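Report on the structure given below.
The values are calculated or read from the model by the stated rules, or taken from the named source; none is laboratory data. Because the structure is predicted, anything quoted here is derived from the model rather than measured. Using ideal geometry, Cβ is built from the backbone for each residue, glycine included, and neighbour counts are taken over all protein chains shown. Please note that ligands, DNA and RNA were not included when accessible areas were found on the heavy atoms of the full protein model with its side chains. Shrake-Rupley method; radii C 1.70, N 1.55, O 1.52, S 1.80 Å.
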Amino acid sequence: MPITKTQSPVDSGPASSQTRIALAAVALTLLFASLGQTIVTTALPIMVADLGGMDHMTWVITAYLLASTIGAPVAGKLGDLYGRKLVVQIGIFVFLAGATLAGLAQSMGVLIAGRAIQGLGGGGLIVVSMAVVADVLPARQRGQAQGLLGAVFGVSTVIGPLIGGFLVEALSWHWIFFANFPVGLLALAVLHTALPNVRRETAVKLDVAGAALLATILTVAVLVSNLGGSVLPWGSPELIGLVGLGLAALAGFIAVEKRAVEPVLPLSLFRNNTFVVVNSVGFMVGVAMFGTITFMPLYLQVVQGVSPAVSGLFLTPMMAGLIASSAGAGQIMSHTGRYKWMPILSTALLALAMLSLTTLSAGSSLWHVALSMVLVGLGLGPVFSIGVAAIQNDIPRAMLGVGTASANMFRLIGGSIGTAAFGALFSANLARNLAGNLPADTGSGIGSISAEMVSHLPLQAQNEVFAGFSAALHPVFWIATGLAFMACLISLRLREVPLHDGFAD
């Protein structure tokens, strides 16, 4: 083994007090990191109105997701090599540094930079926390634990926007970045005692080249989806150059990983059925999930006229559905040892939920929105809990970190690309729908539309904005519907591997 613990390993028994403390620390860390993803959603319209730039709105989310995606496999590999504890502690400090920068931001550029630093820390925290579950529990018990972690993530999708909406109304949007400092410091303290220390027996050559090339690939993918067809024409030399850079990085990555002693993402994993199917589904579900979380508060505030805090409340039904289905799927997986049919049914339900969102308009009832969000949560939950546990069950123990990271990485890159592409699509459609329909004295126009600005428009102009917003969102949800249906079809290809009661080698 490349690492040796300086204290006894965490006992694997479910009744072990040290195991319970370790799992509590993992849940607390996951809550801390996932709050960073969701706390800004209800504050986005206020941030845009304050700093300007509707066309840059999605980058507040995308920068975090992209950095998380890049940081996840690197942190997962470092956790395999040096132990989870050190990586989690560093991740918390990086996250807090980014939160501080974002909280003090006076421009959109600084805000986005702070979010990117937050994402680097947050991505590592999420994947390493989930990998700890595989360290302390045998495969048969991991489904239940991963289901509970999925429920923690579901809680963050609601309390994050609620906290964000409350702080925006009571103080200012700057305070949302300092809200979970106490949670982070508490997680740091609990982790210090809950997880064992490790030390290296032999030196390891880090796969720096592989990590850099992987970061380039992921960055190019997000930039192309964000800039293509909006900022840059699809046939422009700049965009073609970006695509060429991405393809060159991909070729270089494959060549480097074949020779690397400790590859950041071993190519052998791509020959594993569970790895490929789960991550393909995760990518598509990520597109649908983050598209919903990003645009629903905007629709509710501008079109339905609710406050930021109330718009956050409408993510509660999604959270309830996600918690119920994630925990339930984990329980079923642990008790029966079977899991293949659950992602099939859940992604089919997710497709129906997205289909219902394609009908949203200014006249839609809030009950329609709430019911659709319940269905979205029910469809998302099993994908979270089952996917990670299935991968951990079917890969070598030495790859637990990178395998767990992959599940988060592909879901986040789906969220990054989806949010960027949906944002570009939404902005283009909104500009086309409202062209010539806004009074000349509305300031900077489309780029600074907010609920407050719309409330001061003449009634006819308000109706034009409501209709234009709703129509601009429909293509977003139609694409999400198609992707969820494709995820359902791909889930049919999953090869179920029996869950064992011990720890894999």
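Brief remarks follow.
- Any hit, the range 421-438, residues being at pLDDT 75 or above, assigned to a helix (DSSP H, G or I), among the hydrophobic types (A, V, I, L, M, F, W, C) and surrounded by fewer than 17 Cβ atoms within 10 Å (Cβ to Cβ): yes
- Exclusive hit being within 19 Å of Gly414 (Cα to Cα), of a type outside the set (Val, Ile, Thr), open to solvent by 10 Å² or more (accessible area, probe 1.4 Å) and not in a loop (DSSP other than H, G, I, E, B), set Gln37, Gln89: Gln37
- Scanning the range 371-382 for residues being hydrophobic (A, V, I, L, M, F, W, C) and either open to solvent by less than 20 Å² (accessible area, probe 1.4 Å) or not in a helix (DSSP H, G or I) (or both) gives a total of 3.
- So Ala398, is it farther than 22 Å from Leu492 by Cβ, part of a helix (DSSP H, G or I), open to solvent by 10 Å² or more (accessible area, probe 1.4 Å) and out of contact with any Gly (no Cβ under 6 Å at 6 or more places or on another chain): yes
- Test: Met409 is within 30 Å of Leu78 (Cβ to Cβ) and either open to solvent by 30 Å² or more (accessible area, probe 1.4 Å) or free of Cβ contacts under 8 Å to residues at least 40 places away in the same chain (or both): no
- Here the condition is being over 21 Å from Gly401 (Cβ atoms), open to solvent by 10 Å² or more (accessible area, probe 1.4 Å) and not acidic (Asp, Glu); of Leu66, Leu104, Leu78, Leu44, it holds for Leu104 alone.
- Flag for Val261 being within 25 Å of Ala390 (Cα to Cα) and not basic (Lys, Arg): no
- Only one entry in Thr202, Thr216, Thr193 is over 26 Å from the mean Cα position of the chain (by Cα) and either assigned to a helix (DSSP H, G or I) or at pLDDT 80 or above (or both), namely Thr193.
Results for (1) within 24 Å of Ile391 (Cα to Cα); (2) more than 21 Å from the chain's Cα centre (by Cα), shown as yes or no for each residue.
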position	(1), (2)
Leu300	no, yes
Met318	no, no
Ile323	yes, no
Ser356	no, yes
Ser361	no, yes
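- Count of the range 216-265 residues which are open to solvent by less than 30 Å² (accessible area, probe 1.4 Å) and of a type in the set (Asp, Glu): 1
- Selection from the range 233-261 of residues that are within 20 Å of Leu425 (Cα to Cα) and part of a helix (DSSP H, G or I): Glu238, Leu239, Ile240, Leu242, Val243
- Condition check for Leu167: out of contact with any Lys or Arg (no Cβ under 7 Å at 6 or more places or on another chain), open to solvent by 50 Å² or more (accessible area, probe 1.4 Å), part of a helix (DSSP H, G or I) and at pLDDT 75 or above: no
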